[in-house]
Amino acid sequence: MTESQHEPKNDEFSEHIENSVEQYKSVAGELNTVMSAMKAKIRGLFAQSEVQPLFITGRVKSPQSFRAKASRRLQETTESAPVLEFPNPLREIHDMVGIRIIVMLPHEIQQVASLIKAHRDSFDCRSDREKDIGSVESGTYGYSSRHLLLKTRSEPTVRKFQEALGKPVVASGNFVFEVQIRTVLQHAWSEMEHDIRFKHPGEAAWNPQIDRHFTATAAMLETVEDYFTDIDELYHRLNGYHDEKGSGAEPLTDEKIGEIWQTLLPHVDRKRDDDWSWASELLDAHEINQTWQLAQLLDANVVTDVRAALDHRYSPGPDRLLDDVLLWRFGKEHIDKTSGGDLRREGSLRRRLIQMKDYRSQLGR
């Protein structure tokens, strides 16, 4: 079945729809109580959770919106008679109460959905789906949101609402409502689009230029979200490197040295191979053998000073730059511990150390 494109204003369903709308208006107070209770219950699920939404809001469907949804007709063909999509709207429309959860980053949407669905003692999840007008599969950009339909279990506020509806509704306390989960950027986009296209409908709202701008902003916001995700992942990785009691205590292997270097100094020319054994030897000479020690050593300001002091003719690779950073930090001690009787290397290190001292004296350090 498809939704009828030309819904009649008055037909055999009109009286039934208006009666449903009037009944809906009469229980608005009870529905608002249900909404407040559901919002508080969902907020309580995050009390001990690592993931914390930016905010949680709730709303009860307006009578106008309820009427529009209750009025939807479906028909199989243009010749067949239309039927109501929701013959019993007060029982079959599942977004009369809606809760919206706004998070910072895309991966938090899945975390929030999983947390809610795990609390089976509070809610029975009847549906979980992505609502994507724009998606990778379709090759388009647009509205995106995760929608859950949750069913309450013997909820007292629901029972009062059902009692207010009267027969033939059974006051069971079981009630289906909708939860939308979005990022803050998805939320901003959808609110803007909804305000223009659905609050103020008309031909202007669907102008091709407006379509184009909405599509462009959706694409840009998706790109921004990708960058925010990269920033978040990088922050947690760097924070882990400096955590002396956590992952920062991990021993330095050749592979670990390469990972840390390429995370902290990706702008420095990378090695042509994956052999970090010489770097490991240099670090071992100074008993730098844990992740946090290397992360602390590779301070961006120090690297900047070293490069300025030596004014390298060619951009140094990681091995050479690490050698210089260690020389900057340990001075003559680095020469004594790593020259190994190699007069050529010792002479090179001494010349570089003199340059570093001259640079420091110029800066008054």
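The values are calculated or read from the model by the stated rules, or taken from the named source; none is laboratory data. What you see is a predicted model; the values in this text were computed from it and never measured. For neighbour counting, all protein chains shown are included, and Cβ atoms are generated from backbone atoms with ideal geometry for every residue, glycine included. When the accessible area is computed, the model is the full protein with side chains, heavy atoms only, and any ligands, DNA or RNA have been set aside. Shrake-Rupley method; radii C 1.70, N 1.55, O 1.52, S 1.80 Å.
Looking only at residues of the stretch 203-222 that are without any contact (Cβ under 8 Å) to a residue 40 or more places away in the chain and in contact with a helix residue (DSSP H, G or I) (Cβ under 9 Å, 6 or more places away or on another chain), we find that the one that is farthest from L105 (Cα to Cα) is A204.
Applying the selection to the stretch 152-164, what residues are more than 20 Å from L45 (Cα to Cα) and open to solvent by 20 Å² or more (accessible area, probe 1.4 Å)?
R159, K160, E163, A164
The conditions of being open to solvent by less than 50 Å² (accessible area, probe 1.4 Å) and among the aromatic types (F, W, Y) are not met by Y314.
Counting the residues of the stretch 158-197 that are in contact (Cβ under 8 Å) with a residue 60 or more places away in the chain and small (G, A, S) gives 1.
Checking each residue in the stretch 337-356 for being open to solvent by 40 Å² or more (accessible area, probe 1.4 Å) and either in contact with a Gly (Cβ under 9 Å, 6 or more places away or on another chain) or farther than 14 Å from L282 by Cβ (or both) picks out G341, L343, R344, E346, R350, R351, I354, Q355.
Looking across the stretch 165-209, just one residue is modelled with pLDDT of 80 or more, farther than 25 Å from I101 by Cβ, open to solvent by less than 50 Å² (accessible area, probe 1.4 Å) and part of a helix (DSSP H, G or I), and that is L165. Do we find that D319 is without any contact (Cβ under 8 Å) to a residue 40 or more places away in the chain, open to solvent by 30 Å² or more (accessible area, probe 1.4 Å) and under 27 Å from D243 (Cα atoms) in this structure? No: the conditions fail for D319.
Of the residues A309, A295, which single one is buried (at least 16 other Cβ atoms within 10 Å of the Cβ), under 26 Å from M356 (Cβ atoms), modelled with pLDDT of 95 or more and in contact with a His (Cβ under 6 Å, 6 or more places away or on another chain)?
Residue meeting the stated conditions: A295.
Within the span defined as the stretch 330-338, every residue fails to be farther than 22 Å from Y235 by Cα, at pLDDT 95 or above, among the acidic types (D, E) and in contact with a Lys or Arg (Cβ under 8 Å, 6 or more places away or on another chain). Scanning the stretch 242-280 for residues that are buried (at least 18 other Cβ atoms within 10 Å of the Cβ), farther than 16 Å from R320 by Cβ and among the β-branched types (V, I, T) turns up just one, I260.
If you go through the stretch 87-121 and keep only what is assigned to a loop (DSSP other than H, G, I, E, B) and closer than 20 Å to M35 by Cβ, you end up with I93, H94, D95, M96, H119. On inspection, V112 passes the criterion of being among the hydrophobic types (A, V, I, L, M, F, W, C) and within 28 Å of E30 (Cβ to Cβ).
You will find that of I109, I56, I102, the residue that is under 30 Å from D226 (Cα atoms), touching a Leu at 6+ places or on another chain (Cβ under 7 Å) and not charged (D, E, K, R) is I102 and no other. Answer with yes or no whether F13 is modelled with pLDDT under 90, more than 25 Å from H187 (Cα to Cα) and crowded, with 17+ Cβ neighbours inside 10 Å. Yes, satisfied.
Scanning the stretch 67-108 for residues that are farther than 25 Å from D11 by Cα and buried (at least 17 other Cβ atoms within 10 Å of the Cβ) returns D95, V97, G98, I99, R100, I101, I102, V103, M104, L105, P106, E108.
Considered as a group, the residues in the stretch 43-66 that are touching a residue at least 60 places away in the same chain (Cβ under 8 Å) and open to solvent by less than 60 Å² (accessible area, probe 1.4 Å) include one that is farthest from F123 (Cα to Cα), and that residue is V51. Condition check for Y359 on (1) at positive phi; (2) surrounded by 16 or more Cβ atoms within 10 Å (Cβ to Cβ): one failure, at (1). Residues in the stretch 18-28 that are open to solvent by less than 70 Å² (accessible area, probe 1.4 Å) and in contact (Cβ under 8 Å) with a residue 60 or more places away in the chain: S20, Q23, Y24, V27.
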